[in-house]
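The values are calculated or read from the model by the stated rules, or taken from the named source; none is laboratory data. For clarity, every value in this text was computed on a predicted model and none was experimentally measured. Virtual Cβ from ideal backbone geometry, glycine too; neighbours counted across all protein chains shown.
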C-alpha cells in the first residue's frame, strides 16, 4: 500500500504537472490535537504549476482540495497549501 505522502505527490503530479512540488508531513507538529490520531494526517503542499497562472488563489486551492475529497477528513485531516509563482 502506498503511503499518504506518496499518494498526495502522485495525484498532484498527475493532475497539475508541477515544475516544483514538495509535500511535507506536518503531523508531529499537531500531536495532542484531536485530528492527530496517531499521525500521518496533517500535510503541507508547496506547488508551482503553469495551470495556476492567472487563477485566483481560492480557485487553485479548490482544484487541489478536489483531488483529495475521497481522503478528507478521514485519511487527511488538514492540508496546508502554498502556491508559488511559476
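Which count do you get for residues in the range 2-29 that are part of a loop (DSSP other than H, G, I, E, B) and either at pLDDT 95 or above or touching a strand residue (DSSP E or B) at 6+ places or on another chain (Cβ under 7 Å) (or both)?
4
Quick check on my filter: what residues within the range 70-81 are within 11 Å of the chain's Cα centre (by Cα) and exposed (fewer than 13 other Cβ atoms within 10 Å of the Cβ)?
Correct list: 80 only.
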